[in-house]
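Shown next, in C-alpha cells, is the structure this report addresses.
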Amino acid sequence: MRIGGMNEKQDPQQEQPDALTRKMSRWRRENPQATLTEIEEAVEAELAQLRKQLVEVMVQEEMVGNQEVPDCPQCGQKMVKNGRRRRKLKSKEGQTIQLDRQQWRCLSCGTTLFPPG
C-alpha cells in the first residue's frame, strides 16, 4: 500500500487543491496578524474537513464496486438486500464519518448483516 503521493521532486504547490488554496489565501488576507499557531489551526481545520470528505467518498466508491452477495454467518444461506442504512463511524481523528451502507437479511433464519467498514 502506498501512502502519500508526492515524491521528493514535486512542488507542494502543484498538489494543492485550487479551492482550498484560494480559501486559505482569503483567510490569510482577512487575518493578517494571525500567529503561526492560529495559521496552523486554520489549516488543520480545513484539512480535517477535506480528509473526512475524501474518506467518505473513497469508502462509498469501494462499496459500490463490491456488491457481492454474502452468505449468512448463522446458517450459510445466501442473503438478500434489506435496504440501505446510514452508518456513523468515528475516524481515528475523532471525526464522525457517515456512510450509506447496504444491509443484508437472511430469509431462512432472519439474521441481518451490516458489512464491516
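The values are calculated or read from the model by the stated rules, or taken from the named source; none is laboratory data. Keep in mind that this is a model prediction, so the values were computed, not measured. Cβ coordinates were reconstructed from backbone atoms using ideal geometry, including for glycine residues, and neighbour counts include every protein chain displayed.
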For this session: Have a look at Gln103, Gln98 and point out the one that is modelled with pLDDT of 80 or more and more than 16 Å from Val55 (Cβ to Cβ).
Result: Gln103
Problem set entry | Subset tally (residues that are at pLDDT 85 or above and surrounded by 14 or more Cβ atoms within 10 Å (Cβ to Cβ)) for segment 72-95 | 3
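Does segment 7-20 include one or more residues that are of a type outside the set (Asp, Glu) and modelled with pLDDT of 75 or more?
Yes, segment 7-20 has at least one match.
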Seminar exercise, completed: Output for Cβ contacts, cut-off 7 Å, separation at least six or different chains, first residue more than 21 Å from Ile97 (Cβ to Cβ) in segment 27-52, second aromatic (Phe, Trp, Tyr) and assigned to a helix (DSSP H, G or I), reads Ala42/Trp27
